[in-house]
1. Considering every residue within segment 123-132, establish whether at least one is under 23 Å from Ala212 (Cβ atoms), surrounded by 16 or more Cβ atoms within 10 Å (Cβ to Cβ) and not assigned by TED's automatic domain parsing to the domain that holds Glu157.
2. Being part of a helix (DSSP H, G or I) and among the aromatic types (Phe, Trp, Tyr) is the filter; apply it to segment 2-43 and report the residue that is surrounded by the most Cβ atoms within 10 Å (Cβ to Cβ).
3. Does segment 44-61 hold any residues that are in contact with a strand residue (DSSP E or B) (Cβ under 7 Å, 6 or more places away or on another chain) and buried (at least 19 other Cβ atoms within 10 Å of the Cβ), and which are they?
4. In segment 123-155, which residues are among the β-branched types (Val, Ile, Thr) and part of a helix (DSSP H, G or I)?
5. Inside segment 243-261, can you point out the residues that are free of Cβ contacts under 8 Å to residues at least 40 places away in the same chain and within 11 Å of Arg224 (Cβ to Cβ)?
6. Only one of (1) buried (at least 20 other Cβ atoms within 10 Å of the Cβ); (2) in contact with a Phe, Trp or Tyr (Cβ under 7 Å, 6 or more places away or on another chain); (3) without any contact (Cβ under 8 Å) to a residue 24 or more places away in the chain fails for Leu77. Which number is that?
7. For segment 217-271, enumerate the residues that are of a type in the set (Gly, Ala, Ser) and assigned to a strand (DSSP E or B).
8. Exactly one condition in (1) within 16 Å of the chain's Cα centre (by Cα); (2) in contact (Cβ under 8 Å) with a residue 24 or more places away in the chain is not met by Tyr179; state its number.
Amino acid sequence: MKIYVSVDLEGLPGISTLSQVAPGYPLYGDARRIMTWIVNVLADEFSVLGVDDVVVADSHGFMANIDYIDVDERVRLVQGYPRPFSMVLGVEEGFDAAMFIGYHAAAGTTGGFLEHTYSSRVIHRIYVNGELASEYLLNALYAGEHGVPVVLVAGDEHLRSQVEKHTPWAVFLPLKKGYGRLAAMYESKSLVEQKLRKAVREAVERLKRGKAQPLKPNGELELRVELRDSLYADMAQLLPRAERLDAYTLRYRAYSARDALAFVELVAWIGYAASAMMEKMRG
């Protein structure tokens, strides 16, 4: 059995402050240890269940957070940024299932801890076919388009309703509950580990029983991407098939989930470039 795991940071227990989320911040080392510990718990449980190939995509920030020296030897790591298809690079390479761990709520979710969708600096909100979209939804559609079902999602409680709506066959495990952008509640490390192991066992069992199915787009996907600066829209509106709706908003009709995710990534990268340009102009 071959399992793909995408691990983000904001939806993990023990993550409670901006001081943890990026290199150079005073508590970033704590975040690395938490992320690596979670990956090792997963790897250990997979070995018990007979999963013989585990790929873990480091999917937060610059995507080099998991400690390579301390990670379980049974794990193959995907690290580094920027990379095509970001949090799910390689999921199309013949995996039986995907698991999304440490995922957070969509940008615009009231109460979601550090809620955002792909780029908190560039993107205000994203809607897919009129629905507020999370990274979970965009990534599940991409995986599903390649025949890979999502069987476990673990993260902020605020993500539950979207998971239950789009992938009801997937196990949802709340690892924390956001009480605002910078406040969350979570259980002890030992209890989190017990529940995570149980959730992995249940997800693999559902997969073996044929309960899981890929989430595939039903026709075109209409994206509405609201940006945080009109300059980002000035530049990104030049992308093929992008339609400028107002100062901050682009509409894009995607032919596939791959097309949709590529557009979101390109808009984010253009926004990063614009932001860097403005900093340079300020001297």
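The values are calculated or read from the model by the stated rules, or taken from the named source; none is laboratory data. Quantities reported herein were computed from a predicted structural model and do not represent experimental measurements. All Cβ positions, even for glycine, are placed from backbone atoms using ideal geometry, and neighbour counts span all protein chains on display.
1. The initial filter retains those residues of segment 123-132 that are under 23 Å from Ala212 (Cβ atoms), namely 128-129, 131.
Checking the rest, the ones that are also surrounded by 16 or more Cβ atoms within 10 Å (Cβ to Cβ) come to 128.
Still in the list and also not assigned by TED's automatic domain parsing to the domain that holds Glu157: 128.
So far as segment 123-132 goes, yes, one or more of its residues are under 23 Å from Ala212 (Cβ atoms), surrounded by 16 or more Cβ atoms within 10 Å (Cβ to Cβ) and not assigned by TED's automatic domain parsing to the domain that holds Glu157.
2. Here is the first cut: in segment 2-43, the residues part of a helix (DSSP H, G or I) are 18-20, 28-43.
Now restrict to residues that are among the aromatic types (Phe, Trp, Tyr): 28, 37.
Values: Tyr28: 17, Trp37: 19.
The residue in question is Trp37.
3. Restricting attention to segment 44-61, the residues satisfying the condition of being in contact with a strand residue (DSSP E or B) (Cβ under 7 Å, 6 or more places away or on another chain) are 46, 51, 53-59.
The answer is Phe46, Val51, Val54, Val55, Val56, Ala57, Asp58, Ser59.
4. Kept after step one, since they are among the β-branched types (Val, Ile, Thr), are these residues of segment 123-155: 123, 126, 128, 148, 150-151, 153.
Scanning segment 123-155 gives no hits.
5. Let us first name the residues in segment 243-261 that are free of Cβ contacts under 8 Å to residues at least 40 places away in the same chain, namely 243-247, 249-255, 259.
Glu243, Leu245, Asp246, Thr249, Leu250, Arg251, Tyr252, Arg253, listed by residue number.
6. All conditions pass for Leu77, except number (1).
7. Step one: list which residues in segment 217-271 are of a type in the set (Gly, Ala, Ser), which gives 219, 230, 233, 236, 242, 247, 254, 256-257, 260, 262, 268, 271.
Ala254, the sole residue that qualifies.
8. Of (1) within 16 Å of the chain's Cα centre (by Cα); (2) in contact (Cβ under 8 Å) with a residue 24 or more places away in the chain, only one is false for Tyr179: (1).
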